[in-house]
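First up is the structure itself, then whatever we jot down about it.
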Amino acid sequence: MKKLLRVAVLAATIFAFPSFVQAADDKAADAPKPDKKPAGMPFNGKISAVDKVAKTVTLGETEKARVFQITSETKIKKNNKPATFDDVVVGENVGGYARKNAEGNLEVVTLNTGLPPRSAKSKPADKNPPN
C-alpha cells in the first residue's frame with residue numbers, strides 16, 4: 001500500500017510541476033516591459049550656428065550639417081565646469097552624446113564645450129629628438 005501511495009504522489013508531482021512552470025511563464029509574459037531607451041551616438045565638431053530661441057546647435061557648414069536639440073535635461077559643461085546654454089558660442093569645438101527623440105530629432109544628452117581643436121591625424125612623438 002505504501003508503495004502505491006508513493007507512486008501516486010510521484011505521479012501527481014510530475015504532472016503538477018509543468019503547470020506551475022507554465023503559470024510562472026504566463027506571469028512573466030504579462031508583466032510590463034521597461035521602455036527601451038533609443039540608441040544614442042557620440043558627436044564632435046565645430047559649432048556653426050546657435051539658435052537661442054529654438055534651443056538648437058548646428059555642427060558643420062555643408063549639406064552634412066547636423067542640428068542638435070538642447071533640452072532641459074541636457075548637461076552642459078565648458079572647460080569641464082558646469083555651464084548653461086548661454087555659454088555656448090559659434091566657432092567653439094564641442095563634443096557630446098545625443099539620442100533620437102520620438103520625432104526623429106537629435107536631442108543632446110551631454111554637451112562639452114571649450115575643447116581644443118581636433119587634428120586630422122595626430123603624429124606620434126619622436127622617440128629620438130634631434131640634438
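Coordinate-derived values only; no laboratory data. Keep in mind that what you see is a predicted model, and the values were worked out from it rather than measured. Because the Cβ atoms are built from the backbone with ideal geometry, glycine has one as well, and the counts that use them run over all protein chains shown.
Here are a few things to note about the model shown:
- Amide H contacts of GLU107 (H built 1.01 Å from N, under 5 Å, at least 5 apart or other chain): GLN69, ARG99, LYS100, ASN101
- Put a dot 7 Å past the Cα of SER48, heading toward its Cβ, do the same for GLU61, and the two dots end up 0.8 nm apart.
- Residues whose amide H comes within less than 5 Å of that of LYS78, counting only those at least five positions distant or on another chain, are ALA83, THR113 (H built at 1.01 Å from N in the peptide plane).
- Take every Cα pair under 8 Å whose residues are at least 6 apart in sequence, average their separation, divide by the length of the stretch 40-115, and the relative contact order is 35 percent.
- The HN-Hα couplings worked out from phi for the stretch 43-55 by the Karplus form 6.51 cos²θ - 1.76 cosθ + 1.60 (θ = phi - 60°) are 8, 7, x, 9, 6, 9, 7, 10, 10, 5, 6, 7, 6 Hz, whole numbers, x standing for Gly and Pro.
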